[in-house]
1. Between a first residue in segment 129-157 that is over 30 Å from Ser106 (Cβ atoms) and a second residue that is basic (Lys, Arg), which pairs have beta carbons less than 9 Å apart while being 6 or more apart in sequence or on different chains?
2. In segment 149-196, which residues are under 14 Å from Tyr47 (Cβ atoms) and of a type in the set (Ser, Thr, Tyr)?
3. Please specify each residue of segment 173-199 satisfying the condition of being in a strand (DSSP E or B) and without any contact (Cβ under 8 Å) to a residue 60 or more places away in the chain.
4. So Pro64 passes all but one of these: (1) modelled with pLDDT under 80; (2) within 12 Å of the chain's Cα centre (by Cα). Which condition number does it fail?
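The values are calculated or read from the model by the stated rules, or taken from the named source; none is laboratory data. Keep in mind the model is a prediction, meaning the values are calculated, not measured. Counting neighbours? That spans all protein chains shown, and the Cβs are built from the backbone with ideal geometry, glycine included.
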Amino acid sequence: MPRTKKETATLVRQEDVAPVFVLGDVLEIDAPATKSRRLIVAEIRQYAVGSVGPMVDYVLNGDPESPQIRLRFLRNENAKLRPLVLTLYDSLAYDEGLLAVVRDESARLTVQGDTDSSNISADIFWRIYDVTDSHISSVNIRSKIGVTDAAIEYWEYSRLTDIEGVETEEFIFVEMNKADGWFQIWRGVEVAAGKIAAA
């Protein structure tokens with residue numbers, strides 16, 4: 001798919017998000033990754049900085065065998081909220097190769113669509129706003145056990161793709177914990193606000 005200019009979003013602060021969920025809230029989200037699942041707000045993670053503004057994640061717990069889920073909000077140029085449902089795509093220890101990829105000035109991330117090396121199909125994502133620098137942010141993490149802080153370096157990407165016959169912006173966020181170098185890769189799409197409900 002050729003690269004096109006995208007109307008991407010501006011990340012929002014928690015106090016800008018409506019509704020604001022609290023720890024222990026049970027949510028139901030009508031999206032492919034979360035359909036027919038009851039999800040509990042287990043953490044609220046507030047990122048302080050980024051070239052497109054601060055952001056807030058709601059970390060959602062489901063059954064132990066399900067992928068980890070985050071609910072993240074973006075605000076577009078018309079000041080409308082765009083909720084994202086992200087699943088944990090990969091998690092790995094510090095990796096020089098991955099770090100080189102996300103720091104590459106091409107602002108491009110290629111994700112192989114198949115573990116079979118003979119299959120050359122791949123998904124190509126581009127940095128939001130075509131930025132090449134990373135974001136380094138303090139993260140305030142609130143959970144039932146208390147409040148902690150972390151330092152995260154992250155890179156955000158998106159692409160336009162077809163999902164169930166609808167052109168959709170798909171996102172990838174690559175995060176590296178500055179303390180131990182651990183990487184997490186979160187991948188997901190926007191979901192209509194009306195499809196998110198407190199159970």
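1. Asn140/Arg45; Ile141/Arg45; Arg142/Arg45; Thr148/Arg142
2. Tyr154
3. Of all residues in segment 173-199, those in a strand (DSSP E or B) come to 173-177, 183-190, 196-198.
Of everything in segment 173-199, those that are in a strand (DSSP E or B) and without any contact (Cβ under 8 Å) to a residue 60 or more places away in the chain turn out to be Glu175, Asn177.
4. (2)
So that you can scan it fast, the table gives a plain yes or no per residue for (1) out of contact with any Ser or Thr (no Cβ under 9 Å at 6 or more places or on another chain); (2) aromatic (Phe, Trp, Tyr); (3) within 17 Å of Pro32 (Cβ to Cβ):
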| residue | (1), (2), (3) |
| --- | --- |
| Thr110 | yes, no, no |
| Tyr129 | no, yes, no |
| Ser137 | yes, no, no |
| Asp149 | no, no, no |
| Glu175 | yes, no, no |
| Gln184 | no, no, no |
| Val189 | no, no, yes |
